[in-house]
Amino acid sequence: MQNKQLPNTHFRKEWDLRVRTWFNQPGRKLRRRRARVAKAAQIAPRPTELLRPAVRCPTVKYNRKVRVGRGFTFEELKAAGINAKYAATVGIAVDHRRRNRSEESLALNVQRLKAYQAKLIVLPRNPKQRTAEDLEAYKNAAQAQGQVVPVPAAFVDEAPRAVTAEEKKTRAYVTLRQARGVHRSIGKVQKRIADIKEKKENAKK
């Protein structure tokens, strides 16, 4: 050691009193599972989860992936013919902040809502208004685990195939560079065309 300094090690900090243990993790896991089972039995035959929309993940890196979102927009509910307040009472999640950015997402979620409505069994509050068919359907209904209407696969893998002669001829790098060059010089080209047209008109005068 430099200048023959004596080592001064700090080992008396009572570290063993401040160690965070995690011995209750298996017990908590079991408790959460039992709570899920008890809740499912309590709300049966209703689904264990609310119906939620299919949304795309944000950013260019992940937007190819479709996942379950928070809630349906007012526009989606209106297109499906469902009132927002009524939706909250029949197991449909509503999100007042989300907006529809495309017709595709709107159509997909409206389709999900209509598929859910087709499976939905709603008993009237008044027992006198309940028919025998409704009661029979209610008794025979099986509780759905997870999403009642599954989220569709965003991308289907293409089966392996041979490369065609036309694909071999295409040059991806050259095509991209040409497109980039056209995009960068579009303003100059348009200005040059406008200048030539202006010169021709001035020459005629």
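The values are calculated or read from the model by the stated rules, or taken from the named source; none is laboratory data. Keep in mind it's a predicted model, so treat the numbers as computed, not measured. A quick note on method: Cβ atoms are made from the backbone with ideal geometry, for glycine too, and the neighbour counts reach across all protein chains shown. Remember, those area values only see protein heavy atoms, side chains included, never the ligands or the DNA or RNA. Shrake-Rupley method; radii C 1.70, N 1.55, O 1.52, S 1.80 Å.
Phi angles across the range 46-56 convert, under the Karplus curve 6.51 cos²θ - 1.76 cosθ + 1.60 with θ = phi - 60°, into 3J(HN,Hα) values of 5, x, 6, 10, 6, 6, 10, x, 8, 10, 9 Hz, Gly and Pro given as x.
Atom-type composition of the exposed protein surface of the range 77-205 places 55 percent of the accessible area on carbon and sulfur (1.4 angstrom probe). The charge dipole of the chain, taken about its Cα centre with unit charges on the Cβ of Lys, Arg, Asp and Glu (plus for the first two, minus for the last two), comes to roughly 1080 debye. The Cα center of the range 149-170 and the Cα center of the range 9-23 differ in position by 56 Å.
When peptides 96-103, 4-11 are ranked by their average number of other Cβ atoms within 10 Å per residue, the highest-first order is 96-103, 4-11. Here's how it looks for residue 51: its modeled amide H is under 5 Å from those of 92, 93, which are all 5 or more places away or on a different chain. Calculated [222 nm] ellipticity per residue, helices only, for the chain: -15000 deg cm²/dmol; basis is -39500 (n - 2.57) per DSSP H run with n ≥ 4, divided by all residues, nearest 500. Spatially, the range 116-141 and the range 35-94 are offset by 22 Å when compared through their Cα centroids.
Taking 21, 73, 170 in turn, the Gaussian network model of the chain (Cα-Cα springs below 10 Å) assigns the largest fluctuation to 170.
Amide H contacts under 5 Å for residue 151: none, restricted to partners 5 or more places along the chain or on a different chain, H placed in the peptide plane at 1.01 Å from N.
Of all the options 187, 27, 146, the one that moves most in a Gaussian network model of the chain with Cα springs shorter than 10 angstrom is 187.
Ranking 80, 109, 96 by how far each Cα lies toward the positive end of the dipole of the chain (charges on Cβ) leaves 96 at the top.
Straight-line reach from residue 199: taking Cα to Cα under 21 Å and skipping same-chain neighbours fewer than 8 places apart, the lysines in range are 188, 191.
Phi-derived couplings, Karplus 6.51 cos²θ - 1.76 cosθ + 1.60 at θ = phi - 60°, listed residue by residue for the range 64-72: 7, 9, 9, 9, 7, x, 7, x, 7 Hz, with x used for Gly and Pro. Taking a quarter of the surface of the Cα convex hull of the range 79-151 gives a mean projected area of 6.0 nm². Here the relative contact order of the chain, from alpha carbon pairs under 8 Å that lie six or more residues apart, stands at 20 percent.
Springs join every pair of Cα atoms under 10 Å in this Gaussian network model of the chain, and among 137, 159, 84 the largest mean-square fluctuation is at 159.
The residues of the chain present an accessible area of 89 Å² per residue when probed at 1.4 Å with all protein chains retained. Checked against a 29 Å cut-off, the cross-linked pairs 39/119; 65/119; 85/139; 61/119 give Cα-Cα distances beyond that limit for 61/119.
Is the C-alpha gyration tensor of the chain telling us rounded, prolate or oblate? Criteria: a/c under 1.5 is rounded; beyond that, a/b larger than b/c is prolate, otherwise oblate. Oblate is the answer for the chain, as a/c is 1.5 or above yet b/c matches or exceeds a/b. If you sort the three axes of the alpha carbon gyration tensor as a ≥ b ≥ c, you get a/c of 1.5 or more for the range 30-117 and a/b no higher than b/c, which makes it oblate.
In order along the range 84-90, phi translates into HN-Hα couplings of 5, 5, 5, 4, 5, 8, 10 Hz, rounded to whole numbers, per the Karplus curve 6.51 cos²θ - 1.76 cosθ + 1.60 with θ = phi - 60° and x for Gly and Pro.
To put it simply, the accessible area of the range 1-46 at a 1.4 Å probe is 53 percent carbon and sulfur.
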